[in-house]
Amino acid sequence: MSITQNYKQRKITKFTTEKSIYTEHNLIIGNALDVLDDPKSIKDESVDLIVTSPPYGLSKSYGKYSDKFDIDSWTGMIRQFGEKSMRILQPHGSIFLNISPIPEPKTKEIYPLDSYAYFALKQCGYFLRNQIIWHFNNMQNCTNRLSGRWETILWFVKDIKNYKFNLDEVRMPYITKKDKRLTGTGRNPTDVWYFDRINNMTKNKLNLYHPTVYPDRMIERILKMSTSTKDLVLDPFVGSGTTMKVAKNLQRNSIGIELDAKYKNLIKKRMGEEESDHDFDFTITHHGKN
Ligand SMILES: C[S@@+](CC[C@H](N)C(=O)[O-])C[C@H]1O[C@@H](n2cnc3c(N)ncnc32)[C@H](O)[C@@H]1O
């Protein structure tokens, strides 16, 4: 493992009247399943939260990775991810796994990938806390079946009696504002979430050259809900780097793993593109190279 680039980004002092918060962000270029096994890259029980969207086998063009559909190998990959994550996840840690129902490439039969993933992670010993429905409208229309408008986010915990859940950080405005019985600070956001997908126009405008970019606000909700300042967040299939960017903005530490080195510059740019009122360090490491 060697550090190829290590630089301080924007040491902003103008807002730092209060005690400055320093965070670290490491992008590891390599195979997630190897990196998760390597204690030099990720220490035992060091990660507070894993949030990720693995490849779905949709034959998307990820460059180096062959994204071909085979349900048995896909489920095996998810089970390995779950087993290896046990080592690095803190006892109070959570996993948020975003998965879509997908059509089998030849027959177009729908595979509910979240069901396969549920059983794979259950076999590893995790407990399901919520099966969150991520609903969106901007998606293609079908003519021979109902148009798909949701994906799942499976929230698993390592210990069902001990996990972080900062409900007050993610409360939403009450629907009925005039009801005097509602004296609290807002309502529970429930397990059905609406966030628009990033459309191609936005991707082109921002030069986000990745096929599946998360909406920032959805990741913000997950990080606020399940971590505190300075906690360590891991995205083992980090793609365009959304999880790392949001972690930086919310003053969490982060590790992102990506197989395809072509996204390195995109992630680097996204990590530096917004003003930050705290110090942070961004490092790129190539796993397995000296
Ligand atoms: C669904 S995308 C993640 C997109 C991400 N949520 C975002 O906001 O950009 C999955 C990513 O995993 C990467 N990938 C596939 N297999 C991998 C592996 N074994 N290890 C690390 N990354 C991998 C792909 O190159 C792709 O960029």
Descending packing, highest mean Cβ count within 10 Å first, for 241-247, 120-126 is 241-247, 120-126
Largest fluctuation, 31, 130, 207 only, Gaussian network model of the chain with Cα springs under 10 angstrom, belongs to 207
Ordered by fewest other Cβ atoms within 10 Å, a rough proxy for footprinting exposure, 252, 87, 221 read 87, 221, 252
If every Lys and Arg gets +1 and every Asp and Glu gets -1 at its Cβ, then about the Cα centre the chain yields a dipole, in debye to the nearest 20, of 740 debye
Given a Förster distance of 41 Å, the FRET efficiency implied by the Cβ-Cβ spacing of residue 144 and residue 224, rounded to the nearest 0.05, works out to 0.55
At q = 0.31 1/Å the base-10 log of I(q)/I(0) from the Debye formula over the alpha-carbon atoms of segment 87-142 is -1.38
Rounded to the nearest 5, the percent of antiparallel DSSP beta bridges in segment 133-290 equals 35 percent
Rounded to the nearest 0.05, FRET efficiency between residue 46 and residue 283 (Cβ-Cβ, R0 22 Å) equals 0.90
Here the FRET efficiency for residue 182 versus residue 20, based on Cβ atoms and R0 = 41 Å and rounded to 0.05, is 0.60
Normalised per residue, the volume inside the convex hull of the alpha-carbon atoms of segment 152-210 in Å³ amounts to 172 Å³
Rounded to the nearest Å, the spacing of the alpha-carbon centers of segment 22-61 and segment 225-277 is 11 Å
Mean-square fluctuation maximum in Gaussian network of the chain, Cα pairs under 10 Å, restricted to 140, 80, 131, hits 140
Against the 2.2 N^0.38 Å rule of thumb, the C-alpha Rg of the chain sits at a ratio of 1.01
Pseudo-spin-label distance residue 87 to residue 171, built 7 Å along Cα→Cβ, given in nm, is 4.2 nm
Bridge orientation stat for segment 2-286 from DSSP, antiparallel percent rounded to 5, came to 50 percent
Of 259-265, 47-53, 70-76, ordering from highest average Cβ density within 10 Å down gives 47-53, 259-265, 70-76
Violations at 23 Å Cα threshold for listed pairs 108/203; 40/289; 203/289 -> 108/203; 203/289
Cα-Cα longer than 32 Å, checked against 84/245; 122/268; 164/205; 180/245, kept in input order, equals 122/268; 164/205; 180/245
Between the alpha carbon centres of segment 76-116 and segment 160-198 the gap in Å comes to 26 Å
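None of the figures in this text is laboratory data; all of them are computed from the coordinates on show. Predicted, not measured: the structure shown is a model, and the values here were computed from it. All Cβ positions, even for glycine, are placed from backbone atoms using ideal geometry, and neighbour counts span all protein chains on display.
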